[in-house]
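**Q** Please find one structure pasted underneath; my questions will follow.
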Amino acid sequence: MLAFDTIQRAPKALLHDHLDGGLRAATIIDLAAEYGYDGLPTTDIDELAAWIRRGADRKSLELYLETFAHTFGVMQWPDAITRVAAECAEDLAADGVVYAEVRMAPELCTGRGLTLDEAVEAMLEGFRIGSDRATAAGHPIVMKLLVTAMRQAARSVEVAECAVRWRDAGVVGFDIAGPEEGYRPTRHLDAFDHVRRENFHITIHAGESFGLPSIWEALQFCGAERLGHGVRIVDDITVNDDGSFALGRLAAFVRDRRVPLEMCPTSNVHTGAARSIAEHPFDLLRRLRYRVTVNTDNRLMSGVTLSSEFAALDEAFGLGLGEMEWLTINAMKSAFAPFDDRLRLINEVVKPGYAHLRAEEARVVVVQ
């Protein structure tokens, strides 16, 4: 197994992380006191973190999402949003993440009068501040924002237009999130059509708590370039007793087209999409050489970091540095940042970083 310190120092890329799912528990308590939010179950930092994690681990996506009321509840003011975003950048950089696309639904921040644009502006300002602090601390990171619409609401066109307006300031794509069952992505075709007409990027939560139809609609009707989670694609793969496999039409399409899968193993266990890390479809999909990426989803709710996700996968499946590098390059190839920026990070940061770690592993101690 890889040493945790090695995993943490390895340069990593993150494509699926929710801003309102990664707050520091102490920050939630601070902001609640500062802005008069009185909905918290406790003001003890450790108790609050434990309460949120217990609430999220209920084997249901719908129940998992209930815990967010207290995080976006304190993200209704520009300064609060900026603080949360800055700390997000610092925390990811300290964990060895060199590129991150963090997503947030600005409509969740409008309960006290903020506009969508004001919420997005505060997020991007926080990313700038946090990135500057991370660089000063010796952990440079590139932060991008994915603007998300809630699939159970009716503001997706507004949100898509907002995403496009901020595309030159750090927003790199549009997403929909929320409960899948009963809220098909095709309800938001007008929003996706707008994004596509603007030559902008789309990722969609699909194939997490709902099955193959969710993935099919996301790809064939909505124009998804990546699948948020996508774990249920395994429902279209048959593994025979002799170890051979057969792909259904959709599974073959996803693999042939190299559609990136934004996999979040621990979160999938908590929401019931997988029974355990050891039984997670990640192993089958990476062995079949799907475009698999490793992500956190919600660091607070699931009690994870990107390093801890890699450590859990390494313990279960024996990744090693070579597989870690492949998964990281998968993520960088699949990122929505401009091609030149992705190539620079791969060639100047990711590959040299893993080469250095491999050299450390290969050192021979000479006994005099």
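Any read-out appearing in this document is the output of simple, stated calculations on the displayed coordinates, not a laboratory observation. On a predicted model such as this, the values are computed, not experimentally measured, just so you know. Cβ: placed from backbone, ideal geometry, glycine included. Neighbour counts: every protein chain shown.
**Q** With only Lys, Arg, Asp and Glu charged, each at its Cβ (+1 for the first two, -1 for the last two), find how big the charge dipole of the chain is about the Cα centre; round to the nearest 20 debye.
**A** Taking the Cα centre of the chain as origin, the dipole is about 1020 debye.
**Q** Shifting gears a bit: Tell me, what is the percent relative contact order of the chain, built from C-alpha pairs under 8 Å that lie six or more residues apart?
**A** 20 percent
**Q** Between T110 and H356, 0.36 nm times their residue separation minus their Cα-Cα distance comes to what?
**A** Gain in length upon complete extension: 84.0 nm.
**Q** May I pose another question? Go through 90-100, 39-49 and give me the packing order, highest mean Cβ count within 10 Å leading.
**A** Output ranking for 90-100, 39-49: 90-100, 39-49.
**Q** Considering the options S60, A191, S302, tell which one lies farthest towards the positive end of the dipole of the chain, charges being +1 on Lys and Arg and -1 on Asp and Glu at the Cβ, about the Cα centre.
**A** A191
**Q** Something else: Hey, what number do you get for the chain at 222 nm if only DSSP H runs of n ≥ 4 count, each worth -39500 (n - 2.57), divided across all residues, to the nearest 500?
**A** Roughly -14000 deg cm²/dmol at 222 nm, from the helical runs in the chain.
**Q** Another question, then. Can you divide the C-alpha Rg of the range 20-96 by 2.2 N^0.38 Å and report the result to two decimal places?
**A** It is 1.09.
**Q** Return the single residue from A26, A50, A136 with maximal mean-square fluctuation; model: Gaussian network over the chain, springs between Cα atoms under 10 Å.
**A** A136
**Q** Given +1 on the Cβ of Lys and Arg, -1 on the Cβ of Asp and Glu, and no further charges, what dipole in debye does the range 140-181 carry about its Cα centre, rounded to the nearest 20?
**A** 160 debye
**Q** Among DSSP bridges having both ends in the range 4-357, what percentage is antiparallel? Round to the nearest 5.
**A** 10 percent
**Q** Working only with C-alpha atoms, what are the Rg and Dmax values of the chain, expressed in angstrom?
**A** My reading of the Cα-based Rg and Dmax gives 19.9, 72 Å.
**Q** Shifting gears a bit: In the Gaussian network model of the chain, springs joining C-alpha atoms below 10 Å, which of P185, P338, P78 carries the largest mean-square fluctuation?
**A** P338
**Q** Given a 10 angstrom Cα cut-off, can you work out which residue in P260, P106, P140 is the most mobile in a GNM of the chain?
**A** Of the options given, P140 has the highest mean-square fluctuation.
**Q** Let me check I've understood the local charge: for R258, count other residues with C-beta under 10 angstrom from its C-beta, Lys and Arg +1, Asp and Glu -1. What total comes out?
**A** Computed value for this residue: +4.
**Q** Further, regarding this structure: At what distance in nm do the modelled label points of D168 and T43 sit from each other, each positioned 7 Å from its Cα along Cα→Cβ?
**A** It is 4.6 nm.
**Q** Please give me the summed charge of the neighbours of G322: other residues whose Cβ is under 13 Å from its Cβ, Lys and Arg +1, Asp and Glu -1.
**A** Spelling it out: positives minus negatives among the neighbours equals -1.
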